[in-house]
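Contents: one structure, followed by commentary.
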Amino acid sequence: QVQLVESGGGLVQAGGSLRLSCVGSVTSGSDASINVMGWYRQAPGKQREQVATATTSGLPNVADSVKDRFTISRDNGKNTVTLQMNSLEPEDTAVYYCKADAHYTFGSYNYWGQGTQVTVSS
């Protein structure tokens with residue numbers, strides 16, 4: 001089992017910044033290992049979309065729509081992934097979810113955090 005704890009959402013004015021953090025923890029005794037971690041978002045009435053992911057070595061993959069404004073970083077030793085969001089726009093308003101891909105001896109499974117609200121006012 002893997003648990004994800006997210007933090008850092010909130011209300012910010014357009015042009016402002018926010019930093020989202022997600023810490024993944026593996027249940028004691030589990031054979032899970034966390035592989036790719038990342039952030040997704042879902043705005044009202046829209047499908048969930050990938051924002052940015054990072055591999056265990058920190059290799060980032062950032063959506064074209066935000067790559068000039070958002071940066072993802074990974075601390076593999078702590079299973080932590082951070083999304084730095086700058087120059088926020090009202091269109092960035094959404095619930096942001098952390099996702100972790102966990103590998104087990106006999107398969108893999110995707111875990112999601114509960115989500116953190118990001119609201120950007122104009």
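The values are calculated or read from the model by the stated rules, or taken from the named source; none is laboratory data. None of these values were measured; they are calculated from a predicted model. Because the Cβ atoms are built from the backbone with ideal geometry, glycine has one as well, and the counts that use them run over all protein chains shown. The area values use the complete protein model at the heavy-atom level, side chains included, leaving out ligands, DNA and RNA. Shrake-Rupley method; radii C 1.70, N 1.55, O 1.52, S 1.80 Å.
Things to note:
- Ranked by the mean number of other Cβ atoms within 10 Å of their residues, highest first, the peptides 82-88, 26-32 come out as 82-88, 26-32.
- The charge dipole of region 1-119, taken about its Cα centre with unit charges on the Cβ of Lys, Arg, Asp and Glu (plus for the first two, minus for the last two), comes to roughly 80 debye.
- Between Leu59 and Arg19, the distance separating the two model label sites (each 7 Å from Cα on the Cα→Cβ line) works out to 2.6 nm.
- For the chain: accessible area per residue (Å², 1.4 Å): 54 Å²
- When the alpha-carbon atoms of the chain are used, the pair Rg, Dmax equals 14.3, 48 angstrom.
- Note on Lys46: lysines with a C-alpha under 30 Å away, same-chain residues under 8 apart excluded, are Lys67, Lys99.
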